[in-house]
Amino acid sequence: AGRAVFGSRVSVILALMLAVAPWHIYWSQASRFYSQQFLFYSLALIWYYRATDERSRGRFVAAMFAMMLAFLSQPTALIICTVFAADWLLGIVRRQPVRLGVFGWVAAVLATSMCAASLAYDVWNVPDDWTKFAGDLYQAPSTLILGAVYMIGPAVVLVAALTAWRTARDGQRILWYLVLAAIIPLTLYAIISTRSYVGLRYVFVCLYGWLALAALGTEKLYVLLRDQCGRALAGAPIGMLLVAMLLMDYGYFTSGAGFHTRWQEAFAYVAARRKPGEMVFSDTHSMIGRYYLEDSSVESIPKSADALRALDHPAWVIVEAEDVIRGEVKSWIGEVAELKAYFDLRVLQPYSSTRVYHYEPRVP
């Protein structure tokens, strides 16, 4: 969809980045709707740009239709309207107005009105499903932003930022448009998170903008270096960026939120030593314990030391023990239970280790 905008070489680089992007892979494996939303949202982004750049009514309708499909996947996709609006306003400021024409305005108003009406109808009919988000603060704006940088990939964010800074003077609308697509969802959701529930997953839609900027930057660098260093060395920056993303994939699949090797080994340790009747508590991801132990009785960890002490029988506790941002997690477990095993995650992750504790109730 973007080849006519970016050219073949940038499109190939972007496709490779999408194929190995950790955040993209993460949601493609989840039985939820975020990868579907990302697909339609990204198509709406690129088709809207092409439609307004080429004055194509057909592509404009396609963009609005893709936007509606993204909205039907997840209502938070309507954040794309702010990207369109910012692009239109920036065009006026730069004296290069984006001309929608009567047809474009009618199509845009009709599509957004249908989405808004559908949302209002749902809120009216099932208010309890929506009121729980109002005023329910989930995470600080700084945590949201840092989390997005981590999931996009620090190397990608750095290259994308340098691309935007280095080529801003060119005045190309596509560059400014991608900057808006990358920054606006992240900024607005960070602001909203101060008043309402916002999950990091809501910001996932900004990934396309960051990857496209990084692809543009590495392609420009390739062209600059090709005649001086040859194709192989000129392509090294592209390769390094892809390798950095692949290393993050390795970390994801072998530890931390990938729920693989470390968790599997921790539960194998418990399975080999667990006695009949002993309970197992598995952090917030109790389903992981149920999977590896084939035991539906695995529960989430008690909320406090007193709650754990209240048990009158032995139990196992498996926990991701240390967070690079928050530090020691549930340190009180070590005061109540005995550390039995420690599984280091080996690679850089938000969590540094998985630990296994065994609790024995005190005899009065």
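The values are calculated or read from the model by the stated rules, or taken from the named source; none is laboratory data. Here the structure is a predicted model, which is why all the values come from computation and not from measurement. Counting neighbours? That spans all protein chains shown, and the Cβs are built from the backbone with ideal geometry, glycine included. We work out accessible area using only protein heavy atoms, side chains counted, and drop any ligands, DNA or RNA first. Shrake-Rupley method; radii C 1.70, N 1.55, O 1.52, S 1.80 Å.
Structure notes:
- Average accessible surface for the chain: 52 Å² per residue, computed with a 1.4 Å probe over protein heavy atoms with every protein chain in place.
- Comparing mean-square fluctuations of Cys229, Cys81, Cys206 from a GNM of the chain with C-alpha springs under 10 Å, the top value falls on Cys229.
- Amide H contacts for Lys340 (H built 1.01 Å from N in the peptide plane; partners 5 or more residues away or on another chain; cut-off under 5 Å): Val356, Tyr357, His358.
- Using the alpha carbons alone, the radius of gyration of the range 1-119 stands to its Kirkwood radius in an Rg to Rh ratio of 0.99.
- Beta bridges per DSSP with both ends in the chain, % antiparallel, nearest 5: 75
- Summary value for the range 87-208: 33 percent relative contact order, contacts being C-alpha pairs under 8 angstrom separated by 6+ residues.
- Under the span-like rule (Cα at least 15 Å along the axis, Kyte-Doolittle mean at least 0.5), DSSP H helices of the chain: 8-20, 57-73, 80-93, 101-125, 141-152, 154-167, 173-192, 207-229, 236-254
- Each of Val356, Trp332, Val203 was placed along the dipole of the chain (beta-carbon charges, centred on the mean Cα), and the one lying farthest toward the positive end is Val203.
- Heavy-atom accessible surface of Arg166, to the nearest 10 Å², is about 130 Å², with a 1.4 Å probe and all protein chains retained.
- Sites matching trypsin sites (Lys or Arg not before Pro) across the range 28-92 that sit in DSSP coil, with at most 14 neighbouring C-beta atoms within 10 Å: Arg32, Arg55
- Value in Å of the Kirkwood radius, where the range 37-195 supplies the Cα pairs that are averaged: 17.2
- Rounded to the nearest 20, the Cβ-based charge dipole of the chain about its Cα centre (Lys and Arg +1, Asp and Glu -1) stands at 1520 debye.
- Mean separation of Cα contacts under 8 Å, 6 or more apart, over the residue count of the chain: relative contact order %: 14
- Loop-resident sites, the range 279-320, for trypsin sites (Lys or Arg not before Pro), counting at most 11 other Cβ within 10 Å (DSSP): Lys303
- Surface composition of the chain: carbon and sulfur atoms hold 62% of the protein heavy-atom accessible area at a 1.4 Å probe.
- For the chain, the percent of C-alpha pairs falling in each 20 Å distance bin, counted from 0 to the bin holding the largest distance, reads 25, 49, 23, 4, 0.
- The chain: calculated mean residue ellipticity at 222 nm from DSSP helix runs of at least 4, using -39500 (n - 2.57): -19500 deg cm²/dmol
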